[in-house]
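For reference, the structure discussed in these notes is given below.
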Amino acid sequence: MPRLIFKVFKNNYVQDAVFIHCYNKSQEIKIQKAFNDAGIKMLAVKDDAFGKYRLHLKKIKIGITLDASCKRWTNVFEDVLNSNHRRIKWIIYTNNLSSTTQILSKLHLRIDSNVLLININNKGFNLNEAYNTGFKRNGIFVVRNLGFWNSSLVATPLATVPSRNNLQGTILKCVSVITDRLENETYMHFLKESRHDKTDTLHKLKFYTVIRYLQEMYNFSIDVQRTNSWGYSHNGSFDGLVGALQRQEAEFGCSPVLFKINRAEVVDYVVPTWKTKHTFLFRQPKYQASYYSVYTRPLDGVVWRCMLGVLLIAGLTLNLILKVKKTNVFFDERDSSLSLIWLLVCSAVCQQGMPVNKNAVSARIIIFVIFMFSMMIYQFYNANVLSSLLNEQYSYIRSLKDLLQSDLKAGVEDMLFNKDYFKRTTDRVTLDLYKAKIATDKHYNFFDAEYGMGLVKHGGFAFHVDTSAAYSVMRRTFSEREICEVGEVQLFPPQYVGAVAVRGSQYREYIAVGVSKLLETGLMIRIKSIWESRKPPCAKQRYSTIMAVNIREFSMALLFLVCGYIISLLILLLEIYVHKIKRITPNRGDF
């Protein structure tokens, strides 16, 4: 008998053991010596004295051996049963297997219980393990035959051994997050009969599909509870899905949850599933800031100053030549003033010219140089302005700071995790953006995905949304040109969501192994490709559509023209006023 126990403990990497018995002192010493000789630290305790000891099971794995012939063995078993099952290897040897299993069937055994029953008979020892697929969950108490041992183990053929992977119809409670407004359907109908064109924020529908795969793999049923929150902390307790698991009202989540430190303190994250991506989407505006930038952007500030300097020097040189030579003959009258030179330079820059007769070769050379210089500048400037207006716009909004400094308005999808992020973030740019454009004194820009993407389509608006929902709306409502104009700026990088379960859940390994198998076989990728809408491709057809210049780009030319009209009218009025004053004022030479 001790040899069998030694082998069981060694195979399970147990080095510390407790032997609970009802023997006399000499038998106790004999058993304790046998354990110590086998290299296992063993504490022998009588069944009526076990309550004086406390087992520390957090760091070490321990083996506990019980004799079912002792009267108080069930008391000891129940006292330790609520401890960490994965750290305890139970060995119960009995002469009456039927009576012992009948007692165990009424106790709160788990699916991950390590309980080995050794039935003693004349030929040797029958080995069985006992577990319950779901105590108080419509589970079944199972006694599984492992084999027979006398001097060596004779294992039972695997084909005849029931597997722990078969939960045999156990009913497990889970919580699903449903934020959609349901009309004319129940939430179970929404989960089971949902079409693939529905919005699947944070993969809740995709993950329910995974749960249904796990049901087929492990033969269990689920009782789904509905909530509208993933779980956020309020005075130490959580609401929504995480709160239900914290209160042990359900076994696991039927929706995946974002990884957060405070949640990990009350629930178990089992396995990551997919990445979720949230980003600001907007139609890229053509220009970054002012209305006049379209006319000043083609030339750098240094180039503008150099060009004006060259024209100024040429104009002054021409004025000097005309003053000295006195050879200029103009269309209407003789004139060599600076104002006329200014008009000549402006006409050259604007590709107009002035009728003038030049007898001085030096004046002709200066005028020729001015016109050639103006022509080259004009051609480059005109081509740059035209191309900037008609060609594809430059994507200058590439970061959150660029978005904050732009003229775009901003909004966020009306989801609890977005509001929680703005409440907890310490990033200064994010907070400035939130106060300046999202939650202002006049506006509280939290919208549903359909309405927010409609504002993006109209232009001048950036909307932070789950791309799974946004791309679906873009495919249905955006034109090809509008799709090509959409830019993206991330508020936070893509994050994994994970399956969660009750802390210390006995079904944790089933979810972890099942999801891992789905990942290995490619089913997770297939589920994602079916449910998740990809970004619509940008089919660029540059010459198939007419590019229009809107009033924003044309406004500065109109404003310049209007200002010229106003200034000329003011000068005209001033000239009329001065002329009248001169007529009224008598000439002093008459006295």
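Going by what's in this entry, would L455 be described as under 28 Å from S399 (Cβ atoms) and at pLDDT 90 or above? Here the answer is yes, as L455 does meet what is asked. Scan the range 278-292 for residues that are open to solvent by 40 Å² or more (accessible area, probe 1.4 Å) and either of a type in the set (A, V, I, L, M) or modelled with pLDDT of 90 or more (or both) and the total you get is 2.
Considering only the range 186-208, state which residues are outside any helix (DSSP H, G or I), at pLDDT below 85 and over 24 Å from N418 (Cα atoms). Residues satisfying the conditions are E193, S194, R195, H196.
Within the range 39-49, the set of residues being under 12 Å from V14 (Cα atoms) and open to solvent by 30 Å² or more (accessible area, probe 1.4 Å) comprises G39, K41.
Screening S555, S516, S533 for residues that are farther than 30 Å from K275 by Cβ, open to solvent by less than 50 Å² (accessible area, probe 1.4 Å) and modelled with pLDDT of 75 or more leaves exactly one candidate, S555. Considering the range 222-232, the residues that are surrounded by fewer than 20 Cβ atoms within 10 Å (Cβ to Cβ) and of a type in the set (S, T, Y) include one that is nearest to T170 (Cα to Cα), namely S229. Screening N235 against (1) within 21 Å of the chain's Cα centre (by Cα); (2) open to solvent by 10 Å² or more (accessible area, probe 1.4 Å); (3) modelled with pLDDT under 90 leaves a single unmet condition, (1). Annotation: G134 fulfils all but one of (1) open to solvent by 30 Å² or more (accessible area, probe 1.4 Å); (2) part of a loop (DSSP other than H, G, I, E, B); (3) modelled with pLDDT of 85 or more; the unmet one is (1).
Residue-wise test of (1) aromatic (F, W, Y); (2) in contact with an Asp or Glu (Cβ under 9 Å, 6 or more places away or on another chain); (3) touching a residue at least 40 places away in the same chain (Cβ under 8 Å).
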site: M188; (1), (2), (3): no, no, no
site: L202; (1), (2), (3): no, yes, yes
site: T209; (1), (2), (3): no, no, yes
site: Q225; (1), (2), (3): no, yes, yes
site: E251; (1), (2), (3): no, no, yes
site: V257; (1), (2), (3): no, no, yes
site: I261; (1), (2), (3): no, no, no
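Would it be correct to say that N128 is touching a Lys or Arg at 6+ places or on another chain (Cβ under 8 Å) and either under 18 Å from R3 (Cα atoms) or open to solvent by less than 50 Å² (accessible area, probe 1.4 Å) (or both)? Considered against the rule, which asks whether it is touching a Lys or Arg at 6+ places or on another chain (Cβ under 8 Å) and either under 18 Å from R3 (Cα atoms) or open to solvent by less than 50 Å² (accessible area, probe 1.4 Å) (or both), N128 comes out as yes. Among the residues making up the range 406-439, a single one is of a type in the set (D, E, K, R), assigned to a helix (DSSP H, G or I) and surrounded by 19 or more Cβ atoms within 10 Å (Cβ to Cβ): K437. Within the range 238-261, being over 23 Å from Y510 (Cα atoms) and crowded, with 18+ Cβ neighbours inside 10 Å holds for F238, G240.
Scanning for something open to solvent by less than 10 Å² (accessible area, probe 1.4 Å) and within 18 Å of Q490 (Cβ to Cβ), does the range 373-392 turn up at least one residue? So far as the range 373-392 goes, no, none of its residues is open to solvent by less than 10 Å² (accessible area, probe 1.4 Å) and within 18 Å of Q490 (Cβ to Cβ). For the range 441-496, the set of residues classified as within 18 Å of the chain's Cα centre (by Cα) and small (G, A, S) consists of A449, G452, A462, S468, A469, A470, S472, G487, listed by residue number.
For the range 461-509, filtered to residues that are in a helix (DSSP H, G or I), hydrophobic (A, V, I, L, M, F, W, C) and under 30 Å from L214 (Cα atoms), the residue that is modelled with the lowest pLDDT is A469. Within the range 440-457, restricting attention to residues that are assigned to a strand (DSSP E or B) and in contact (Cβ under 8 Å) with a residue 12 or more places away in the chain, the residue that is nearest to R181 (Cα to Cα) is F447. Say whether the condition of being more than 14 Å from P256 (Cβ to Cβ), open to solvent by 20 Å² or more (accessible area, probe 1.4 Å) and β-branched (V, I, T) is met by at least one residue in the range 201-221. No; the residues of the range 201-221 include none that is more than 14 Å from P256 (Cβ to Cβ), open to solvent by 20 Å² or more (accessible area, probe 1.4 Å) and β-branched (V, I, T).
The values are calculated or read from the model by the stated rules, or taken from the named source; none is laboratory data. Every value quoted in this text rests on a predicted model; they were computed, and no experiment measured them. Note that each Cβ is placed from the backbone with ideal geometry, even for glycine, and that neighbours are counted across all protein chains shown. Note: accessible area is taken over every heavy atom of the protein model, side chains too, but ligands, DNA and RNA are not part of it. Shrake-Rupley method; radii C 1.70, N 1.55, O 1.52, S 1.80 Å.
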